[in-house]
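Written out below as structure tokens is the structure these notes cover.
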Amino acid sequence: MDVVFAILLAVIAFFLLGLVLGSFFTVQQQSRAIIERFGKYVRTARPGLNFKIPYIETIAQRVSLRVQQLLVEVETKTLDNVFVRLFVAVQFRVVEGSEADSYYKLQDHVEQIKSYVLDVVRAKVPKMNLDEVFERKDDVGAAVKSELDVSMKQYGFEIPNALVTDVNPADNVKAAMNEIQTQQRLQVAAAAKGEANKILVVKNAEAEAESKHLQGEGIAKQRRAIIDGLRESIAAFTDKVGGVNEHEVLNLVLLTQYFDTMKEVGISSGSKVILMPHSPSGMSELTEQIRSAIITGNETTQK
């Protein structure tokens, strides 16, 4: 009898312990618990300490209300017949108050979201060429979000955002695109280099022309100074020495200048052999040439 009584007490104690342990449960923040009674949905338990009828009510599912992200890879063709792979990051969460719908209405919400993403992307991208896919990938993401938000709302889900994180064409297409960019940049560089060379040539020509112009002005001023000096020397010699005409004075000045020049040539460093006319007839020709130059210069100045 004592043994039977002890066993009975143990069974009762075990039953009571099960009642206590099975009656209370906790739900974490940003979570909900789906409660069923004999397989039928009864209520949704909120965060904190909750009570359920032991052995009668059970927790069918714990549902998170946090935003989750699903990365979907989609391969499709563009308008210019280029196959690309798009990676779409879909952010979704269960709508508060629709926890039961999210659990009971969909067998696998992840596969459902993937199907909608594939359908939307493959309907929109074939209408754009490859460059437009890169430029308007935000439009693709917006279209995915809009379509998913409407479709998944009836199942208790909302879509905060959908982002196209990457557009990846085939390797040979990427190589061709890189080659096009390289050639375009080379053309721009060649055009810039040609323009720079053109500017350099123009500037050099302008500098040379200015140099020649200044050099010509210098030579002209030098010749005018020589002529003025000769004129002053002739006038001074004529005034101080009477009975001498201008031609004789000019011959004397030119002869003096000639010998000074010969002296400078002879004593200059690195001088070379120079053949110059040194006969009386040569001196006459030289004098006549200088006299003609002086007369022409005077006539030009007077004009």
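Taking the Cβ of each residue in F92, F24 as the centre, tally the other Cβ atoms inside 10 Å and list the residues starting with the fewest.
F24, F92
Give K124/K145; K114/K137; K77/K153 a once-over and call out the pairs whose C-alpha atoms are over 22 Å from each other.
Beyond 22 Å between Cα atoms: K77/K153.
For the pair Q30 and A10, what calculated FRET efficiency results from E = 1/(1 + (r/R0)^6), where r is the Cβ-Cβ distance and R0 = 25 Å, to the nearest 0.05?
It comes to 0.05.
Given just the C-alpha atoms of segment 2-64, how large is their convex hull per residue in cubic angstrom?
Measuring per residue, one finds 76 Å³ for the Cα hull of segment 2-64.
Would you please give the FRET efficiency between K105 and L21, computed as 1/(1 + (r/R0)^6) with r the Cβ-Cβ distance and R0 = 25 Å, to the nearest 0.05?
0.20
Which of H109, H213 has the fewest other C-beta atoms within 10 Å, and how do the rest follow up to the most?
Fewest-to-most Cβ neighbours within 10 Å comes out as H213, H109.
In what sequence do I219, I35 fall when counting other Cβ within 10 Å, fewest first?
So the residues, fewest neighbours to most, are I219, I35.
Non-local amide H neighbours of Q30 (under 5 Å, H modeled in plane, Pro and chain starts lacking H): which ones?
none
What residues qualify as long-range amide H neighbours of V95, i.e. H under 5 Å apart, gap of 5 or more or another chain, H built at 1.01 Å from N?
It is F157, E158, by chain and number.
Bear in mind that the values in this text are calculations on the coordinates, not laboratory data. The structure displayed is predicted, hence computed values, not measured ones. Backbone-built Cβ (ideal geometry, glycine too); neighbour counts: all protein chains shown.
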